[in-house]
Amino acid sequence: MKKLFLILLMLLQFPVSFGSNQIQDPSSKKIIGTWYADRNRNTKWIFTQDRKIYNYDKDVFKVMYGYTISNRCQNNSSDTTEFLTFMDRDGNEFCFRINGIDENKNGILSLSKMDNGETLLFVNNLNVVTGK
């Protein structure tokens, strides 16, 4: 009886093990790295693991923000939508809706500015073509 129980327990572990390998990386992991503005590839944002973003233009440092990714940003909240919030040294927050981060390994970061709805596209490789 103990052997049967152990065999059943082992069989139940397989779907859990295989299923967990199919879970996508969280946005907080996928966003780490260098992203170039699609409209002006001289502008780049570098997201770090310690939740800082560095903005460069023509390889000249411009500004650094702290950032968070969550389901809330200012007056916006959603169970199904993620938001990217930048925070400056004065405590000002800048809110973006995350439309997609490297979906299907396409190398594109798509954000919408919450204050005006403008869509911003970034690429993680200068050779990526967005089609827009």
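Read-outs: derived from the displayed coordinates by stated rules, not from any lab. Keep in mind it's a predicted model, so treat the numbers as computed, not measured. Here the Cβ is made from the backbone with ideal geometry for all residues, glycine too, and neighbour counts use every protein chain on show.
Miscellaneous remarks
- Against the compact-protein benchmark of 2.2 N^0.38 Å, the Cα-based radius of gyration of the stretch 25-132 scales to 1.01.
- Counted charge near K105, where neighbours are those whose Cβ lies closer than 15 Å (Asp, Glu -1; Lys, Arg +1): -1
- Reachable aspartates and glutamates from K44, criterion Cα separation under 12 angstrom, eight or more residues apart if same chain: D57, D59
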